[in-house]
1. Scan segment 185-217 residue by residue and report those that are in a strand (DSSP E or B) and surrounded by fewer than 17 Cβ atoms within 10 Å (Cβ to Cβ).
2. Regarding Val269, is this residue crowded, with 21+ Cβ neighbours inside 10 Å and more than 22 Å from Arg89 (Cα to Cα)?
3. Within segment 47-92, work out how many residues are assigned to a helix (DSSP H, G or I) and touching a Phe, Trp or Tyr at 6+ places or on another chain (Cβ under 6 Å).
4. Out of Ile150, Ile172, report the one residue that is within 17 Å of Asp134 (Cβ to Cβ) and touching a residue at least 40 places away in the same chain (Cβ under 8 Å).
5. Do we find a residue being assigned to a strand (DSSP E or B), within 30 Å of the chain's Cα centre (by Cα), surrounded by fewer than 18 Cβ atoms within 10 Å (Cβ to Cβ) and not basic (Lys, Arg) anywhere in segment 124-137?
6. Exactly one of these conditions fails for Ile547: (1) open to solvent by less than 60 Å² (accessible area, probe 1.4 Å); (2) in a loop (DSSP other than H, G, I, E, B); (3) not basic (Lys, Arg). Give me its number.
7. How many of the residues making up segment 417-440 are free of Cβ contacts under 8 Å to residues at least 24 places away in the same chain and open to solvent by 70 Å² or more (accessible area, probe 1.4 Å)?
8. Just to check your reading of the model, which residue among Val156, Val75, Val84, Val99 is buried (at least 17 other Cβ atoms within 10 Å of the Cβ), in contact with a Leu (Cβ under 7 Å, 6 or more places away or on another chain) and in contact (Cβ under 8 Å) with a residue 60 or more places away in the chain?
Amino acid sequence: MAFTQYTNLDFEEIKVSLREYLRANSNFTDFDFEGSNLSVLIDTLAYNTYVTAYNTNMVANESFIDSATLRENVVALARNVGYVPSSRRAATANVSFTVDLGSGTTKSSVTLKSGLVALGDFANTNYTFCTPEDITSPVTDGFAEFTIDIKQGTFVTNEFVVDTSQPNQKFIIPNPYVDTSTLKVQVRDTLTSSSRKTYSQIDNIVGISTHSETFLIQEIQDEKYELLFGDGVLGKKLSNGNVINSTYIVTDGVGGNGVSNFSFSGKLVDNDGGLITSGISDVIVNERSSNGAEVESIDTIRNLSTRVYSAQHRAVTANDYEAIIPTIFPNAESVTAYGGEDSSPPQYGKVFLSIKPKNGRFISDFDKRELLDKLKRYSVAGIRQEFVDLKYLYVEVDSTVYYNTNAVANVNNLKTSIRNSLETYANSSDLNSFGSRFKYSKVLNIIDDSSSAVTSNITKVIIRRNLDVDTANFAQYELCFGNKFHNRNKGYNIKSTGFTVDGIRGVCYFTDTYIDDKTGRLIIFRLNNTGEVQIVNNNAGTVKYDIGEILIDTIRILSTIKSDNVVEIEAIPDSNDVIGLKDLYLQLSISHSNISCVADIISTGADTSGANYVSTSSFTNGSKVRGVAITDTSTISTTTTTTSSTTTSTSSSSSTSTSSSSSSSY
């Protein structure tokens, strides 16, 4: 009879299938299959079948990039589409120091040799910082000044000799944790040759000829890298006896970020080669170390490899930019790109880009300039790229949680459990990226599942933007939330924290009055000593409910209740599912969320009729301000600066500043 086809990998079911097969065989009619001897044989056959099936399944999984789990296999599969994962990136600091050679010196220059430059100290840990190449500075009035970038890690040199008698000779860098952006390769004709030819690292073969002195790299096992040279058709072929000299930095990656205390440990020589050991100043830190990053994760390789392949090393669509930028800027945590035709008003011929870095809130102007320069290799003619700082859109929840008092001993522990569950969701991939979505139904389930004591919850959603005000100037502001506002047709849909305004006494607040279903008027009010509203400006701007936008007319805000000159402005979204549109980076703010617990007296059995049950409104409270209300009798400190300039502050990539100075909202 035909042997049974297996449909699962369960060991016991495999044994049952084997017994049924043997029982059906007339040669084993009188056998006791539960007996010890035959049972051992069946167990052995089942175990062998189980292991074989498991191994076959794992091999099949490792053959596809979507299901592979071992890094070596994921990298190898990505290599098939020409994708090289990003290596670790060394943290970079900008420092300055001077060398005093004396006023009577005849030396014309000072050179800082490649290798170790300084030792850094951070969080009781020492780090080495180096430079991958020599840096020369001229001597002026006896002083040589250096302002340089130094990278965290150890400077390493390796040499390989080409031996054509080895048909499969490989040039493998022996150290893991290499920052491949610091990799430099030079080739000498022989061991005795003094002249060196510098080879350029490439990531594709476009424009490569027979004589191109180039090399490629590929990641292999244990996060090490192999150097690949031309074959005489695509790139210059190496000859027997050639000597390959490679230099690079082995780094701690993200561990080197944040260092701001350095002591000089480098090697300085004058233009005659003389060693300089004195007259060296203290190291001044211009920018502490940042942008250190770990090797590209498996999930990122899966996500980017196919997208980069589809981009074909050219940036045409928005998806192309989103795929290419992480390969040339590994510190990018999330990238968004959209065409100027999607902005308001349309700006044709432009692509707007926004990046959330892995370390920090914004990328520096220096990084923006470098990225724009690198993108020229990929962009098509007539398309201009423009970076805009990302805007943070915060989601807050106000949740009333009903719980069974018989199932929990301490309500504070219950609150902590709920907050921890929400914190996990706040750090998940559903959020913390451009184009992400806050999923209301998922949050309700997370709260319900956070403890067996929770019986239900009533959760309200609030969206918030932080307005970063320019206290020194009159300015106009634009806040885009990217989500339609809920309009109650009675005004007071918008709430803000307090601030003071030039020419108005007391603490003021923003809110809105209803005009129609799409539009409201922004007003400024204050509270008198009895808490009543006193409108001080009944036409301070416009609220667009239908697109979730607030336009603030020219105003000079002198100070704010919140620190760092921030006014928090909140609204109720028309949908409880909130999206991060365009350059809005979505985050769930647990610290600003409110969790309150109410005993469910029906579940406990204390009031089975529900006559004394305390219900909670599913709508927001009637407070007209955000946070604690400050009445007219209260004051905050203000600083007045006389100025006649006007600035425009925008928080939407579709807006344009109308003066030479501007502030931003985040």
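1. Within segment 185-217, Gln186, Lys197, Thr198, Ser200, Gln201 meet the criteria.
2. no
3. Number of matching residues: 1.
4. Answer to the check: Ile150.
5. Looking for residues that are assigned to a strand (DSSP E or B), within 30 Å of the chain's Cα centre (by Cα), surrounded by fewer than 18 Cβ atoms within 10 Å (Cβ to Cβ) and not basic (Lys, Arg), one finds at least one in segment 124-137, hence yes.
6. Every listed condition holds for Ile547 apart from (1).
7. Within segment 417-440, residues that are free of Cβ contacts under 8 Å to residues at least 24 places away in the same chain and open to solvent by 70 Å² or more (accessible area, probe 1.4 Å) number 3.
8. Result of the check over Val156, Val75, Val84, Val99: Val99.
The values are calculated or read from the model by the stated rules, or taken from the named source; none is laboratory data. Please read all numbers here as calculations on a predicted model, not as lab measurements. Glycine also receives a Cβ, built like all others from the backbone with ideal geometry; neighbour counts cover every protein chain displayed. Accessible surface areas use protein heavy atoms only, side chains included; no ligands, DNA or RNA. Shrake-Rupley method; radii C 1.70, N 1.55, O 1.52, S 1.80 Å.
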